[in-house]
1. Considering the stretch 1-25 alone, what residues qualify as being in a loop (DSSP other than H, G, I, E, B), of a type outside the set (Val, Ile, Thr) and farther than 18 Å from Ile112 by Cα?
2. Can you tell me which residues in the stretch 8-55 are at pLDDT 85 or above, open to solvent by 70 Å² or more (accessible area, probe 1.4 Å) and within 16 Å of Ala65 (Cα to Cα)?
3. Within the stretch 70-81, can you find the residues that are surrounded by 17 or more Cβ atoms within 10 Å (Cβ to Cβ) and at pLDDT below 90?
4. Cβ-Cβ distance below 6 Å, separation of 6 or more or different chains: which pairs start in the stretch 57-83 with a residue that is among the acidic types (Asp, Glu) and end on one that is surrounded by fewer than 19 Cβ atoms within 10 Å (Cβ to Cβ)?
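The values are calculated or read from the model by the stated rules, or taken from the named source; none is laboratory data. Not measured: the values here are computed from a predicted model. Positions of Cβ are generated from backbone atoms using ideal geometry, with glycine treated the same way; all protein chains shown enter the neighbour counts. SASA here: full protein model, heavy atoms, side chains in, ligands and nucleic acids out. Shrake-Rupley method; radii C 1.70, N 1.55, O 1.52, S 1.80 Å.
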Amino acid sequence: MEQIYATASDGVKIPISVVHLKGAKLDGKGPLYLTGYGSYGISYDIGFNSDLFSMVDRGVVAAVAHIRGGGEMGKAWHDDGRMMHKKNTFTDFVASGVSAGARIRLEGRLAIEGRSAGGLWSAQS
């Protein structure tokens with residue numbers, strides 16, 4: 001597991017937690033599963049998730065984007081992803097897919113998941 005950062009459209013660094021097989025090369029040649037949630041100040045805490053290991057065992061890199069609107073980085077982080085700043089939630093997720101994708105996956109090998117108010121983004125990839 002490691003943490004990388006994406007740069008949002010306004011220059012803010014977005015943390016991304018990444019898990020992959022030990023020794024895997026993050027050279028842009030493998031598939032990426034990216035998820036995130038950025039609403040209601042709820043933190044997307046990282047913990048053991050047995051559901052991911054079927055994918056990880058097959059070489060998929062799993063990543064969680066800690067986008068603004070969530071609670072991972074305090075009240076200001078939450079506030080910067082709500083109300084008149086809600087757009088940041090979506091642009092952060094896009095930036096996370098682009099940034100992590102450039103390092104981790106081949107074009108066309110990105111799967112994303114988001115739910116409720118934190119997952120209102122659709123992508124072509």
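1. Met1, Ser9, Asp10, Gly11, Leu21, Lys22, Gly23, Ala24, Lys25
2. Within the stretch 8-55, Ser9, Lys13 meet the criteria.
3. Residues satisfying the conditions are Gly70, Gly71, Glu72, Gly81.
4. Within 6 Å, the pairs are Glu72/Ser43.
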